[in-house]
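Read-outs: derived from the displayed coordinates by stated rules, not from any lab. A quick note: this is a predicted structure, and the numbers were derived from the prediction, not measured. When we count neighbours, we look across all protein chains shown, and the Cβ atoms used for this are built from the backbone with ideal geometry, even at glycine.
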Amino acid sequence: MTSAAYLPFLIQAALAAGITLVVIVVSHLFGQRSRGSKIKDSAYECGVPAEGLIHTRFSVKFFVTALLFMLFDLEVVILVPWTFIYREFLAHGIPILGPVLFFLGVLVLGLVYEMKKGALEWEK
């Protein structure tokens, strides 16, 4: 491959890095927490001062639920491209249904395992 084949990727990476840098710099320069502002420790979101612990501890169930959500969200991200290229695979004689069903089967087995362990029950 020539280096010209990588040019679109390099342009996209440079744009992403540039936009990220600009957003961070602008936020640092003009943000509410800059220049020793007293907003940092005040109740600026709802106007009511916090009572008790400000940073409460989250239950492990919350994190397990979040991880399971990310897992099954990732499943959708992987399955959508397969649905778009299904006809192309069939046109080239590449069987795709078996790997997709295996992938879904592993995820369903994982979901059944999590349900039996009670990971999806919020309160116990």
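Placing a pseudo-label 7 Å from each Cα along the Cα-to-Cβ vector at Lys116 and Ser3 gives an inter-label distance of 5.7 nm. Length gained on full extension, Asp73 to Phe103, computed as 0.36 nm times the residue gap minus the Cα-Cα distance: 9.4 nm. Phe69 sits among other residues whose Cβ lies under 14 Å from its own Cβ, and their net charge, with Lys and Arg +1 and Asp and Glu -1, is -2.
Taking 0.36 nm per residue of separation and subtracting the current Cα-Cα distance, fully stretching the chain between Ala66 and His28 would add 10.7 nm.
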